[in-house]
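Below is one structure; the comments refer to it alone.
The values are calculated or read from the model by the stated rules, or taken from the named source; none is laboratory data. In this text the structure is predicted, and so the values were computed from the model without any measurement. Ideal geometry is used to build each Cβ from the backbone, glycine not excepted, and the neighbour counts take in all protein chains shown.
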Amino acid sequence: MNDQLIDFYRREHCPGCASKDIDTVYQLSYADESLKQFIESFYQQRMDYRLLEDQVYEMGKCPHCGLLFQRLVLNQTGQAALYGEWVDSQKSLEKKRYAKAKLFRQYAGQLETVSRLFPQAPHKIEILEFGMGWGYWSRMATAYGYHVRGLELSPERVEHARSLGVEVMQELPEPSPRFDFIYASQVFEHLEDPLQTMTELSQRLKPDGIIYLRVPDARGLEGILKANGWQPEMDAIHPLEHINAFTRKSLSVMASKAGFRVIQPPLRIDISKFWSGLKREIGDRWLNTHVYLRKQ
Ligand SMILES: [Zn+2]
């Protein structure tokens, strides 16, 4: 087992493109009162702030790919504590379990796009949700007929996803091209070495396979950080957690380093479908033998 103490280490190369040139754009001691207040109220009594007091919240920027990233990050023991104990997992679960319909419509929209990217019948498509969390996206993808597996480390998230009927893996399988599509939403901003992870995912993707990455948008943050300093609402550079702050550009550079190119998703608005859509609406309202009945 891991008997390392919780500590920080310094990232000496750009996590997006591996360049060794890094500019320091911002530094703030964790002893700073506003940072301390934010972190203590965010993690509450689940963490001991003394672990952070001598450390520095430092943002580096890569002059080559433009990635903004936290240079000092928690070691493995620290990350295990962060995601296993400090993060409020009840709150995180409730955010998904009690989400508004908008979230599920977003998932459905993404799956509509998947169905346009892969014309084959869904049961022929192998999907990996990398960093699955509680399993709500995987559950919906399963309902669309895809063969989905979710990769997740946290035992309580794994257990919850299984209770939703989701097939779970707790580690990456041996490298071999087995997946058609890999979905990673709100994951890459947390990773120590996202470029390395891209390579590992690539080894498990079929030729012509597709990866979808979604991360918080860090556009414009560098300027605000330099002008006004760190502010609690800057979620894309959340201390300890959002250690890589991508923009569309730095995300694309990282992807190309790992052998990917950005493609445009197929249009979900199809003008030629306008008339058939109108016909469907008319049918739904007046012609089909079906009714929606509300009790008086
Ligand atoms: Zn870079």
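When segment 23-40 is limited to residues that are exposed (fewer than 13 other Cβ atoms within 10 Å of the Cβ) and within 16 Å of the ligand (Cβ to nearest atom), the one that is nearest to Ser256 (Cα to Cα) turns out to be Asp23. The number of residues in segment 147-206 that are more than 14 Å from the chain's Cα centre (by Cα) and of a type in the set (Ser, Thr, Tyr) comes to 5. For segment 92-113, the criterion of being touching a residue at least 12 places away in the same chain (Cβ under 8 Å), surrounded by 18 or more Cβ atoms within 10 Å (Cβ to Cβ) and among the small types (Gly, Ala, Ser) is met by none of the residues. Residues of segment 224-240 that are out of contact with any helix residue (DSSP H, G or I) (no Cβ under 6 Å at 6 or more places or on another chain) and surrounded by fewer than 17 Cβ atoms within 10 Å (Cβ to Cβ): Ile224, Lys226, Ala227, Asn228, Gly229, Gln231, Glu233, Asp235. Here is the figure for segment 95-124: residues that are within 15 Å of Ser185 (Cα to Cα) and hydrophobic (A, V, I, L, M, F, W, C) total 5. Strands (runs of 3 or more DSSP E) wholly in segment 41-155 with at least 2 residues that are away from the ligand (no atom under 16 Å from the Cβ) and under 30 Å from Ile224 (Cβ atoms) - which ones? Fully inside segment 41-155 and qualifying: 56-61, 72-74. Of all residues in segment 161-177, those that are assigned to a strand (DSSP E or B) have Cβ atoms under 6 Å from Cβ atoms of residues that are basic (Lys, Arg), 6 or more apart or on another chain, in Val168/Arg162; Met169/Arg149.
Condition check ((1) out of contact with any helix residue (DSSP H, G or I) (no Cβ under 6 Å at 6 or more places or on another chain); (2) modelled with pLDDT of 95 or more) across all residues:
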residue	(1), (2)
Leu213	no, yes
His242	no, yes
Thr247	yes, yes
Val253	yes, yes
Ser272	yes, no
Lys279	yes, no
Leu287	yes, no
Arg294	yes, no
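Could you check, for segment 6-25, whether at least one of its residues is farther than 25 Å from Thr197 by Cβ, assigned to a loop (DSSP other than H, G, I, E, B) and not assigned by TED's automatic domain parsing to the domain that holds Leu251? No: segment 6-25 contains no residue that is farther than 25 Å from Thr197 by Cβ, assigned to a loop (DSSP other than H, G, I, E, B) and not assigned by TED's automatic domain parsing to the domain that holds Leu251. Being part of a helix (DSSP H, G or I) and under 30 Å from Leu68 (Cβ atoms) is true for just one of Ser256, Ser276, Ser272. Which residue is that? Result of the check over Ser256, Ser276, Ser272: Ser256. Checking the stated criteria, Gly84 turns out to be outside the structural domain of Ala218 (by TED's automatic domain parsing), within 23 Å of Glu156 (Cα to Cα) and surrounded by 13 or more Cβ atoms within 10 Å (Cβ to Cβ). In summary, Lys20 fulfils each of the numbered conditions (1) surrounded by 12 or more Cβ atoms within 10 Å (Cβ to Cβ); (2) within 16 Å of the ligand (Cβ to nearest atom) with the single exception of condition (1).
Just need a number here: residues in segment 114-152 that are among the hydrophobic types (A, V, I, L, M, F, W, C), free of Cβ contacts under 8 Å to residues at least 24 places away in the same chain and within 19 Å of Asp208 (Cα to Cα). Residues in segment 114-152 being among the hydrophobic types (A, V, I, L, M, F, W, C), free of Cβ contacts under 8 Å to residues at least 24 places away in the same chain and within 19 Å of Asp208 (Cα to Cα): 1 in total. Against the numbered list (1) over 30 Å from Lys257 (Cα atoms); (2) among the aliphatic types (A, V, I, L, M); (3) out of contact with any helix residue (DSSP H, G or I) (no Cβ under 9 Å at 6 or more places or on another chain), Val56 comes up short only at (1).
Scanning segment 214-268 for residues that are among the aliphatic types (A, V, I, L, M), within 27 Å of Gly109 (Cβ to Cβ), within 16 Å of the ligand (Cβ to nearest atom) and within 17 Å of the chain's Cα centre (by Cα) returns Val215, Ala218, Ala245, Leu251, Met254, Ala255.
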